[in-house]
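Working notes, beginning with the structure itself.
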Amino acid sequence: MPDLERLNAHYQAMPPVAAMRIRATGFDGDCLRLHAPLDANLNDKGCAFGGSLAGLMTLGGWGLLTLKLEAAGLDAEVYVADSQLRYLKPLYADLMAEARLEPGTDWDNVLRTFRERGRARAVVQAVVRGPDGEPVADLGGRFALLRAP
């Protein structure tokens, strides 16, 4: 099964995520793109629910690291350890997120640490942009990578 199909099947297996109708739409090895329709993620004001924005960006970071670890041939569990989130303005359109490693990350060092210790950390930056391309929310998240049992 291709990478994005496997990732989407994993997302759909989690009931809260399935309700948000999140789909991975692209992965180029460095950036994972996710989509969730606004109609499944509305708040009482008719714009995107803040929890959906947070969830989409967190799942973007988790998915990015999962795919990158798989590409390196590693069987690992990925967990979010902590995150910093900013809501910048309301979003009245579908949610589109992008997740990338924090600039300056030495991915080879992360992999080396994981292979040596069975665990490592990586920081991901994610953003949701509005139709005008301007950020509406962003997240910096630290993720723990642990050898699968």
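The values are calculated or read from the model by the stated rules, or taken from the named source; none is laboratory data. All values derive from a computational prediction rather than experimental measurement. All Cβ positions, even for glycine, are placed from backbone atoms using ideal geometry, and neighbour counts span all protein chains on display.
Does any residue in segment 121-134 that is more than 17 Å from His35 (Cβ to Cβ) and at pLDDT 95 or above come within less than 7 Å, Cβ to Cβ, of a residue that is among the aromatic types (Phe, Trp, Tyr) and crowded, with 17+ Cβ neighbours inside 10 Å six or more places away or on a different chain, and which pairs are these?
What qualifies is Arg121/Phe143; Ala122/Phe143; Val124/Phe143.
Does Gly26 satisfy being at pLDDT 95 or above, in contact with a helix residue (DSSP H, G or I) (Cβ under 8 Å, 6 or more places away or on another chain) and loosely packed, with under 13 Cβ neighbours inside 10 Å?
When the stated conditions are applied, Gly26 passes them.
Restricting attention to segment 35-42, does a residue exist that is under 24 Å from Glu102 (Cβ atoms), touching a residue at least 40 places away in the same chain (Cβ under 8 Å) and not in a loop (DSSP other than H, G, I, E, B)?
Yes; the residues of segment 35-42 include at least one that is under 24 Å from Glu102 (Cβ atoms), touching a residue at least 40 places away in the same chain (Cβ under 8 Å) and not in a loop (DSSP other than H, G, I, E, B).
Could you list, in sequence order, all residues of segment 69-110 that are free of Cβ contacts under 8 Å to residues at least 40 places away in the same chain and either in a strand (DSSP E or B) or surrounded by 15 or more Cβ atoms within 10 Å (Cβ to Cβ) (or both)?
Val110, the sole residue that qualifies.
Could you run through segment 44-68 and say how many residues are surrounded by 14 or more Cβ atoms within 10 Å (Cβ to Cβ) and outside any helix (DSSP H, G or I)? Reasoning before the result, please.
Step one: of segment 44-68, the residues surrounded by 14 or more Cβ atoms within 10 Å (Cβ to Cβ) are 47-50, 52-68.
Applying the additional criterion that residues be outside any helix (DSSP H, G or I) yields 47-49.
Number of matching residues: 3.
Look through segment 1-17, keep the residues that are among the hydrophobic types (A, V, I, L, M, F, W, C) and out of contact with any strand residue (DSSP E or B) (no Cβ under 7 Å at 6 or more places or on another chain), and return whichever of them is farthest from Met96 (Cα to Cα).
By that ranking, first place goes to Met1.
For residues in segment 18-39 being among the aliphatic types (A, V, I, L, M) and touching a strand residue (DSSP E or B) at 6+ places or on another chain (Cβ under 9 Å), which is nearest to Leu65 (Cα to Cα)?
Leu32
Please specify each residue of segment 106-127 satisfying the condition of being touching an Asp or Glu at 6+ places or on another chain (Cβ under 8 Å) and of a type outside the set (A, V, I, L, M, F, W, C).
Gln125
Would you mention how many residues in segment 98-145 are more than 16 Å from Gly60 (Cβ to Cβ) and of a type in the set (Phe, Trp, Tyr)?
Matching residues across segment 98-145 total 2.
Considering every residue within segment 83-98, establish whether at least one is under 15 Å from the mean Cα position of the chain (by Cα) and closer than 23 Å to Ala148 by Cα.
For segment 83-98, residues under 15 Å from the mean Cα position of the chain (by Cα) and closer than 23 Å to Ala148 by Cα: present.
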